[in-house]
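Novice: This is the structure, below, for whatever I ask next.
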Amino acid sequence: MAFYRITWNEKYDFATLHNWGCTFRCPYCSYKLRSGADGRPGFAEPKPAQFLTVDEQKECLRRIRPGKIYFMGGEPTVAKELDEMVAFAKLELGSETRLGHTNGSRLAVPHLDSANVGFKAWSEDLHWQITGRPKSLIYDNFSRAFDSGMQLAANMVFIPGLVGLDEMEGLLRYLSSMDRGIPFHIDGYIPIPGQPWQRPTDDEMAAAYQLAASYLDQVKFSHLTQQQALDLSARDDRFKVQIVAGV
């Protein structure tokens, strides 16, 4: 079992199943901000004391019957019950199903409507350095999901000095070759304790946005401070959720 919590936003009618664990070991993972972890290898968050059973997950979702159900991480596709829960959400509840954030290492999930894929790098060597996994795994999965008709969005963390404009442009060329309408989000790097990189300047973020907008039609960005990242609900009421199962 990997899902340990379910949250619900009544205003926007969505529930989120939260997973623990990830297949990547990115040194700049933003989960390290909340856990207080430094840049050492390993998943950023401590293992929960207990996980929700499949029956507990289904009972909770039947009770609130959300119109949309998101599966989030860590990396949600490591959850052994993911396929069963996506099918339950779609076929029994009639909910929209979405991987709210995924590293793209597994996208062939039956009854999944959409996915938001976080790309880490364009060049092969840098991808291995950041993730410990081959680039082809992610890009090939994304291409297959696109060809299957899945609704897809993409994002990348912009880290001057590591994942810079050249890395982003490689990804943008790839995405635009499929469809200029793929939504793309630039995440300005939020400094993680123990890591050497700096938060992008306003000018650097503007340059990244202009580059992305030259390739894609739907581009957004976030440029948060550490404090803002730790209190997202203060800026966006979509993050104002209540815990309805788990801790």
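The values are calculated or read from the model by the stated rules, or taken from the named source; none is laboratory data. Please read these numbers as outputs of a predicted model, since none were measured by experiment. Positions of Cβ are generated from backbone atoms using ideal geometry, with glycine treated the same way; all protein chains shown enter the neighbour counts.
Novice: Look at segment 1-26 and say how many of its residues are crowded, with 18+ Cβ neighbours inside 10 Å and not polar (S, T, N, Q).
Specialist: The number of residues fulfilling the criteria is 14.
Novice: Related question: Kindly establish whether R5 is farther than 30 Å from G188 by Cα and at pLDDT 95 or above.
Specialist: Numbers: farther than 30 Å from G188 by Cα: no; at pLDDT 95 or above: yes.
When the stated conditions are applied, R5 does not pass them.
Novice: Scan segment 89-108 and report the pairs whose first residue is under 12 Å from T16 (Cβ atoms) and whose second residue is at pLDDT below 95 and in a loop (DSSP other than H, G, I, E, B), with Cβ atoms within less than 7 Å and a gap of 6+ or a chain change.
Specialist: H101/G73
Novice: Tally time: how many residues in segment 1-25 are under 30 Å from G161 (Cβ atoms) and in contact with a Ser or Thr (Cβ under 6 Å, 6 or more places away or on another chain)? I'd like the intermediate steps shown before the answer.
Specialist: Let us first name the residues in segment 1-25 that are under 30 Å from G161 (Cβ atoms), namely 21-25.
Those still in the list that are in contact with a Ser or Thr (Cβ under 6 Å, 6 or more places away or on another chain) too: 23-24.
Of the residues in segment 1-25, 2 are under 30 Å from G161 (Cβ atoms) and in contact with a Ser or Thr (Cβ under 6 Å, 6 or more places away or on another chain).
Novice: Taking the condition of being touching a residue at least 40 places away in the same chain (Cβ under 8 Å) and over 16 Å from the mean Cα position of the chain (by Cα), how many residues in segment 110-129 meet it?
Specialist: 3
Novice: Across segment 183-223, what is the number of residues that are in a loop (DSSP other than H, G, I, E, B), out of contact with any strand residue (DSSP E or B) (no Cβ under 6 Å at 6 or more places or on another chain) and farther than 15 Å from K32 by Cα? Steps first, answer last, please.
Specialist: Taking segment 183-223 as the starting set, the residues that turn out to be in a loop (DSSP other than H, G, I, E, B) are 183, 189-201, 216-218, 223.
Pick out the ones that are also out of contact with any strand residue (DSSP E or B) (no Cβ under 6 Å at 6 or more places or on another chain) and you get 190-196, 198-199, 201, 217-218.
Then drop every residue that is not farther than 15 Å from K32 by Cα, which leaves 198-199, 201, 217-218.
Of the residues in segment 183-223, 5 are in a loop (DSSP other than H, G, I, E, B), out of contact with any strand residue (DSSP E or B) (no Cβ under 6 Å at 6 or more places or on another chain) and farther than 15 Å from K32 by Cα.
Novice: Given the conditions (1) hydroxyl-bearing (S, T, Y); (2) surrounded by 17 or more Cβ atoms within 10 Å (Cβ to Cβ); (3) under 30 Å from P66 (Cβ atoms), which single one is not true for S233?
Specialist: (2)
Novice: Inside segment 149-163, can you point out the residues that are out of contact with any Leu (no Cβ under 7 Å at 6 or more places or on another chain) and of a type in the set (G, A, S)?
Specialist: G149, A153, G161
Novice: If you don't mind, there's one more thing I want to ask. Among the residues of segment 220-247, how many are free of Cβ contacts under 8 Å to residues at least 60 places away in the same chain and either more than 25 Å from I192 (Cα to Cα) or of a type in the set (S, T, Y) (or both)?
Specialist: 3
Novice: Related question: Hey, could you check segment 155-189 for residues that are under 14 Å from the mean Cα position of the chain (by Cα) and among the aliphatic types (A, V, I, L, M) and say which is surrounded by the fewest Cβ atoms within 10 Å (Cβ to Cβ)? Before you say what the answer is, go through the steps one by one.
Specialist: Applying the first criterion (under 14 Å from the mean Cα position of the chain (by Cα)) to segment 155-189 yields 155-157, 183-187.
Retained after the next criterion (residues that are among the aliphatic types (A, V, I, L, M)): 156-157, 186.
Values: M156: 23, V157: 24, I186: 20.
Looking at residues that are under 14 Å from the mean Cα position of the chain (by Cα) and among the aliphatic types (A, V, I, L, M), I get I186.
Novice: Which fully enclosed helices (runs of 4 or more DSSP H) of segment 38-156 have 2 or more residues being of a type in the set (K, R) and out of contact with any strand residue (DSSP E or B) (no Cβ under 8 Å at 6 or more places or on another chain)? First the steps, then the outcome.
Specialist: Working: elements: 54-64, 82-87, 124-131, 135-148.
Per the criteria, 54-64, 135-148.
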